[in-house]
Amino acid sequence: MGNPLTRRSVLRGGLSLGAGIGAGLALSGCGDGPDLPPPALNADVVLPEYIPYQGVDVPLPGTPEGVLSGYEHYPATPETAFPDGLPARGDGVSFMTLIFNPVPPPLDRNSYWRALNASLGTELSFEIVAVGDYPNKFAVVQAGGDLPDAMAVVPQISQRPAMFHALFQDLSEHLSGSAVRDYPYLANFPTQAWRHTVYNGGVYGIPMPRPAAGSAMLYRTDLIEERGVDPNPGSFEEFRRLCNDLTDPDQHRYAVGDPLTTLYFVLEMLGGPNKWREENGRFTWWMEDETFEPALEAMRVLVEDGVVHPDGFNVLGRFKDWFGSGQIAVNYDGVAGWNDYYRTYSQGNEDFGLGAMIAPGYDGGPGSHWSGVSSFGVLVLKKAPKDRIRHLLRVCNALAAPFGTDAYLLRKFGEPGTHHDLQGSDPILTDAGRLQTTLPTSFITDAPLALYFPERPDVVHTQHEFHRRAVDVLVRNPAEGLYSDLDVTRGATLEARLIDEFKAITRGNGSVSSWGGKMAEWRREAGDRIRAEYEESWESFQ
């Protein structure tokens with residue numbers, strides 16, 4: 001479709017990256033040869049123990065099911081993350097990873113980067129690639145064979161079992177089971193995140209943990225209050241009424257902007273599958289599920305009502321700005337960006353506020369909430385002697401130091417007086433901090449997300465309550481951590497074509513009754529083979 005690479009598209013896969021990686025593997029001389037361990041070995045993999053960090057008091061406790069811990073303030077006396085001294089003293093480490101923000105200043109003009117290196121006892125070097133360029137760059141570097149010590153691997157990359165086996169280190173002896181205790185901050189990762197690392201009967205890489213709730217149907221509390229409407233609908237009809245109450249075309253104000261993510265919300269009402277549904281080892285894709293056609297009908301109603309921004313079908317990448325400016329009142333987006341909305345759009349608007357709704361049941365009662373991916377990607381380590389691998393793991397362990405520690409404070413907010421100023425015990429980034437701390441350590445690995453907003457401590461309570469409600473009705477993707485090479489190389493292209501069909505139908509340029517035919521085409525072209533690959537992968541874990 002020619003769309004720019006976004007967080008959502010990174011996680012949904014892409015043909016161009018898969019094709020590039022396949023070419024790279026051919027050049028590197030590795031493939032699905034007879035020495036590749038059989039998938040059945042995955043069932044024997046022992047995932048790292050989960051040992052939650054308990055070094056600081058938690059005012060708003062999280063849960064093992066996925067509710068995030070919340071903190072109104074940073075501890076006045078942070079815990080010492082590494083009481084024995086520099087955690088990763090040794091030779092420098094090279095990383096290749098991606099970035100969504102502008103690339104930060106280089107080392108010689110970045111005092112934050114230098115301070116981070118000093119705190120670790122080693123020098124981190126980064127090949128930082130803009131997210132839109134990352135697919136091609138990864139393919140080129142992998143094909144050339146001159147690899148950095150560690151590389152971020154996103155879900156679009158194809159031939160992962162063969163590539164991992166040929167080029168990257170099986171970390172099982174270092175991390176499986178109780179071995180992970182040597183790296184206590186990696187042991188703080190939820191078990192679900194480690195499933196993304198299992199290939200070839202081993203643990204290949206380190207996760208980048210992300211919250212269970214994933215996304216939220218955010219709404220502008222100030223616009224809700226202005227209209228005097230209830231932001232917690234109890235059914236689809238109540239949601240429809242809310243959308244109509246929030247729409248005023250004469251003022252260029254609409255309820256929602258993105259028809260696709262609004263469809264997700266409707267499917268959550270209908271109990272639709274989160275990408276895939278699994279029953280007794282059989283997989284059903286979200287667009288072929290019995291809930292999809294009713295969701296199409298519901299979306300046609302919303303479009304006919306005029307509550308969807310008229311440019312929402314054609315313009316990508318504008319939904320955040322529409323939401324921030326008040327052109328739309330409701331927006332389905334990642335929960336990790338909740339604080340950024342305040343920082344970006346509340347300037348000059350003291351009333352600006354955000355809430356989040358959970359999908360109700362379509363006809364009433366409880367609905368559902370789709371989980372996000374538990375790991376954004378995987379950091380893989382180039383094959384090396386054991387001592388070198390241990391050094392790399394110590395570096396990653398240090399970069400995963402959790403909230404409440406001095407190491408987390410430095411990694412996220414830099415040095416006091418330079419990169420942040422203290423407001424009580426809370427760090428507020430300075431201009432230098434906002435510029436320099438965008439070094440993409442979170443796309444190496446990171447501590448599990450904590451709910452914390454130093455500029456607005458009150459917001460944390462709203463966020464924590466949302467996560468609690470979301471986890472109560474959470475629906476996970478059963479294919480998470482499984483692998484289908486065909487889905488990587490062809491799945492996203494086929495899905496994009498069907499999304500275009502969905503948009504046409506909801507705008508009245510097609511019939512809902514034609515959807516069955518579209519699904520038959522999808523199954524013939526690749527869908528049934530993608531399904532079979534997931535089912536085979538599923539079996540390998542049983």
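The values are calculated or read from the model by the stated rules, or taken from the named source; none is laboratory data. Here the structure is a predicted model, which is why all the values come from computation and not from measurement. So basically every Cβ, Gly included, is an ideal-geometry build from the backbone, and we count neighbours across all protein chains shown. Side chains are part of the model used for accessible areas, which takes the heavy atoms of the whole protein and leaves out ligands, DNA and RNA. Shrake-Rupley method; radii C 1.70, N 1.55, O 1.52, S 1.80 Å.
Taking every eigenvalue of the Cα gyration tensor of the stretch 314-452, multiplying by 5 and rooting it, what semi-axes result, largest first, whole Å?
Details: eigenvalues 219, 114, 44 Å².
Gyration-tensor ellipsoid for the stretch 314-452: 33, 24, 15 Å.
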Legend entry - Principal axes of the stretch 263-319: Cα extent on each, largest first, Å: 42, 24, 15
Legend entry - Prolate/oblate/rounded label for the stretch 430-487 (Cα gyration tensor, a/c 1.5): oblate
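Full extension from GLN54 to LYS137: what is 0.36 nm times the residue separation minus their Cα-Cα distance, to one decimal in nm?
25.9 nm
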Legend entry - Normalised contact order of the stretch 113-226, rounded percent, pairs of Cα under 8 Å and 6 or more residues apart: 18
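Would you mind calculating the gained length between ARG282 and ARG434 on full extension (0.36 nm times residue separation, minus the Cα-Cα distance), in nm to one decimal? Don't jump to the answer; show the numbers that get you there.
Values: separation 152, 0.36 × 152 = 54.72 nm, distance 4.78 nm.
In short, 49.9 nm is gained.
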Inset, instruction - Over the chain, calculate the relative contact order: mean separation of alpha carbon pairs under 8 Å at least 6 apart, over the residue count, as a percent. - result: 26
Legend entry - Kirkwood hydrodynamic radius of the stretch 437-542, Cα pairs, Å: 18.1
Legend entry - the stretch 217-371 - charge dipole about Cα centre, Lys and Arg +1 at Cβ, Asp and Glu -1, debye rounded to 20: 380
Inset, instruction - Could you point to the label whose value was computed as percent of Cα pairs over 42 Å apart for the structure here, given [x] 11; [y] 19; [z] 27? - result: [y]
Inset, instruction - Take each of the peptides 179-187, 241-249, 505-513, average the number of other beta-carbon atoms within 10 Å over its residues, and list them starting from the highest. - result: 179-187, 241-249, 505-513
Legend entry - Cα-projected label distance for ALA496 with SER111, points at 7 Å along beta-carbon direction, nm: 4.5
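With a 1.4 Å probe and all protein chains kept in place, how do ARG114, ARG388 rank by accessible area, largest first? Spell out each step's value before the answer.
Numbers: ARG114 110, ARG388 55 Å².
Final ranking, largest accessible area leading: ARG114, ARG388.
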Inset, instruction - May I ask you to list the aspartates and glutamates whose Cα is less than 13 Å away from that of LYS383, ignoring any residue fewer than eight positions away on the same chain? - result: ASP146, ASP149, ASP170
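So what's the convex hull volume per residue for the Cα atoms of the stretch 98-229, in Å³? Could the numbers behind the result be given before it?
Working: hull volume 27.1 nm³, N = 132.
Roughly 205 Å³ of hull volume per residue.
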Inset, instruction - Project the alpha carbons of the stretch 456-500 onto their principal axes and report the range along each, largest first, in whole Å. - result: 45, 25, 18
Legend entry - Computed lengthening from ALA130 to ASP406, 0.36 nm per intervening residue step minus Cα-Cα distance: 96.4 nm
Legend entry - Ellipticity estimate at 222 nm from DSSP helix runs (n ≥ 4, -39,500 (n - 2.57)) divided over the chain, nearest 500: -10500 deg cm²/dmol
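Using the heavy atoms of the protein chains and a 1.4 angstrom probe, tell me the accessible area per residue for the chain in square angstrom.
Working: 22080 Å² over 542 residues.
Spelled out: the 1.4 Å probe surface of the chain, per residue, equals 41 Å².
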Legend entry - Zone of THR221's modelled label, taken as backbone nitrogen in the stretch 346-388 under 11 Å from a point 7 Å along Cα→Cβ: 351-356
Inset, instruction - Between GLU521 and ASP311, take the C-beta separation as r, use R0 = 51 Å, and let me know the FRET efficiency to the nearest 0.05. - result: 0.95
Inset, instruction - Would you mind computing, in nm to one decimal, how far apart the modelled labels at LEU86 and HIS461 are, each placed 7 Å from Cα along Cα→Cβ? - result: 4.5
